[in-house]
Amino acid sequence: MGEAGDGLAPGIERSDEFTVAPPLVTNVGGTIGKGVLSTPGMIGMMEGSAQMLAYEHLPEGKATVGFEVCVKHVAGAGEGARCTVTARLDRVEDGRKFFFAVEVREGDRVLGVGTHQRRLVKAA
């Protein structure tokens, strides 16, 4: 796997729980009458989970930066909902490009699903 390290291999996965609360909430400019999980908030949770999954398996002095997100926000969750975000590494290219499957659920309901790509960089 080259400079990425042997620990960052396809199949590794990370799940984190979170509560829908500010700053992840929007009321869509007041048009829906209540706070819900925003699409940018959901994407931020997905990207953060993938970033931490990669970081946990990288050698010292390395990090990743995100460069592509392709996500569908398919269901809503109200403020206060308990959700789970999951990132799974599906593929590594050239030992430096990482392709993740990402998902957010509230219980059995899928709220968002998609892919996220990250690239290996030297940590500052």
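The values are calculated or read from the model by the stated rules, or taken from the named source; none is laboratory data. This one's a predicted model, so the numbers in the text were calculated from it and none came from an experiment. Don't worry about glycine lacking a Cβ; one is built from the backbone with ideal geometry, like all the others, and counts go over all protein chains shown. Remember, those area values only see protein heavy atoms, side chains included, never the ligands or the DNA or RNA. Shrake-Rupley method; radii C 1.70, N 1.55, O 1.52, S 1.80 Å.
Roll a 1.4 Å probe over the protein chains and send me the accessible area per residue for the chain in Å².
On a per-residue basis, the chain sits at 53 Å².
Using a Förster distance of 35 angstrom, determine the FRET efficiency expected from the C-beta separation of T84 and T31, and round it to 0.05.
Taking R0 as 35 Å, the efficiency between T84 and T31 is 0.80.
Express the carbon and sulfur contribution to the solvent-accessible surface of the range 33-124 as a percent, rounded to the nearest whole number, probe 1.4 angstrom.
Carbon with sulfur: 51 percent of the solvent-accessible area.
Give me the count of lysine pairs in the chain whose alpha carbons sit under 29 angstrom apart, restricted to pairs 8 or more positions apart or on different chains.
5
Under the 0.36 nm per residue contour assumption, what length would be gained going from the current alpha-carbon distance of A9 and A21 to full extension?
Contour length minus Cα-Cα distance gives 1.0 nm.
When only Cα pairs under 8 Å and 6 or more residues apart are kept, what is the percent relative contact order across the chain?
Relative CO of the chain lands at 32 percent.
Quick one: grab Rg to one decimal and Dmax as a whole number for the range 1-90, Cα atoms only, in Å.
15.6, 51
Just grab the label-to-label distance for A123 and E56, each label 7 Å out from Cα along the Cβ direction, in nm (one decimal).
For A123 paired with E56, the spin-label model returns 1.6 nm.
Trypsin sites (Lys or Arg not before Pro) within the range 19-107: which are DSSP loop residues with at most 13 other Cβ atoms inside 10 Å?
Hits after loop and neighbour filter: K34.
Calculate how steeply helix 39-57 sits against the longest principal axis of the alpha-carbon atoms of the chain, using the helix alpha-carbon long axis, and give the answer as 0 to 90 degrees to the nearest 10.
The answer is roughly 30 degrees.
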